[in-house]
Every structure is written in structure tokens, then in C-alpha cells.
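The next block holds one structure in the form of C-alpha cells; read it before the comments.
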Amino acid sequence: MSSLYRFGISLEQDLIKDFDSHIRKQNYRNRSEAIRDLIREALVRKQWEGKDEVAGAITMSYDHHKRTLVNRLMEIQHDFQPSIISSQHVHLDHHNCLEIIAVKGRASEIQKLADALKANTGVKHVTLSMSTTGRILK
Ligand code: NI
């Protein structure tokens, strides 16, 4: 475990008042944990802009009755197989499916995969949740 490093921050009073109110609503017990999370978020965002290995999830909903769509989505996932850890398919109703694809790999490849899935007629919504492998972050 890494050792703690303490430092002071100078902020305008209004800013810290707003910050305290914001983190209270998010159930933080103290400023340190909230600031740690802000730093982690910035570092994870940087990982997604660079060549680091990242992890996350693609969530998509689609109408499986659209002709050839299911095959096309399957082909795309096989093309990007090295970036896919697992996937879960949920039948929402008679028409709609929800698929959650866990991903790990180079950020640019994962973004390409999400874009390729999104571009198909019958795909109603795609989100990419950008997270981290956690290796660099404490
Ligand atoms: Ni289904």
C-alpha cells in the first residue's frame, strides 16, 4: 500500500462552500475522498485518451427482428474478440434485446467497437462506460 501524502489547497470561499455542498449530497464523509475520486476520474479520462490498457462496458439495446442485425452484431463482436471479456444478452420483451459487453484493451479499439455496433439500423442505443483496469490507480 502506498503511503499518504498530505498537502494544503487554497481555494475561494464560495468554491469550497459549493464543493462541500456537492460532496455532501454525494455522501462523501470528507473532502479527501472526494478529491481522490476527482483525481482518479481525471487519470482514467487520460488513460482513455492515450494508449493505456483500459476496461469498461458497452451497453446496447436493439430490435432483434431487424433483418440480419443479430448476425451483423455477432460478426462485429468476433472481429473485436481480443477486446471483449464477456457479454450478457437479456431479452427485454418480444422485440427488444439488451446486451452488456465487458471490454478490456486499447481505448481506441474499444471506441471503434462501440462505434461499429452503433452504426447499424435497428440498434436503438449504445453507451460506452469508460472505466479502468485499476492497475495504476490506488
Ligand atoms: Ni434477445
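The values are calculated or read from the model by the stated rules, or taken from the named source; none is laboratory data. Quick caveat: nothing in here was measured; it's all calculated off a predicted structure. As a convention, Cβ positions derive from the backbone with ideal geometry for all residues, glycine included, and neighbour counts pool all protein chains shown. For accessibility, only protein heavy atoms count, side chains too; no ligands or nucleic acids. Shrake-Rupley method; radii C 1.70, N 1.55, O 1.52, S 1.80 Å.
Determine whether residue 23 is open to solvent by 80 Å² or more (accessible area, probe 1.4 Å), more than 22 Å from residue 133 (Cα to Cα), touching a helix residue (DSSP H, G or I) at 6+ places or on another chain (Cβ under 9 Å) and not hydroxyl-bearing (Ser, Thr, Tyr).
no
Name the residue, out of 39, 58, 85, that is closer than 24 Å to residue 135 by Cα, open to solvent by 80 Å² or more (accessible area, probe 1.4 Å) and part of a strand (DSSP E or B).
It is 85.
All but one of (1) farther than 20 Å from residue 134 by Cα; (2) assigned to a strand (DSSP E or B) hold for residue 101; which doesn't?
(1)
Quick check on my filter: what residues within segment 66-76 are surrounded by 12 or more Cβ atoms within 10 Å (Cβ to Cβ) and more than 18 Å from residue 113 (Cβ to Cβ)?
66
Could you run through segment 26-36 and say how many residues are surrounded by fewer than 10 Cβ atoms within 10 Å (Cβ to Cβ) and aliphatic (A, V, I, L, M)?
0
Looking at segment 64-82, which of its residues are within 16 Å of the ligand (Cβ to nearest atom), in contact (Cβ under 8 Å) with a residue 12 or more places away in the chain and within 23 Å of the chain's Cα centre (by Cα)?
Within segment 64-82, 73, 77 meet the criteria.
Could you run through segment 83-122 and say how many residues are within 13 Å of the ligand (Cβ to nearest atom) and more than 18 Å from residue 55 (Cβ to Cβ)? Walk me through it before giving the result.
At the first step, the residues of segment 83-122 found to be within 13 Å of the ligand (Cβ to nearest atom) are 87-100, 122.
Next, only the ones that are more than 18 Å from residue 55 (Cβ to Cβ) stay: 89-98, 122.
Of the residues in that region, 11 qualify.
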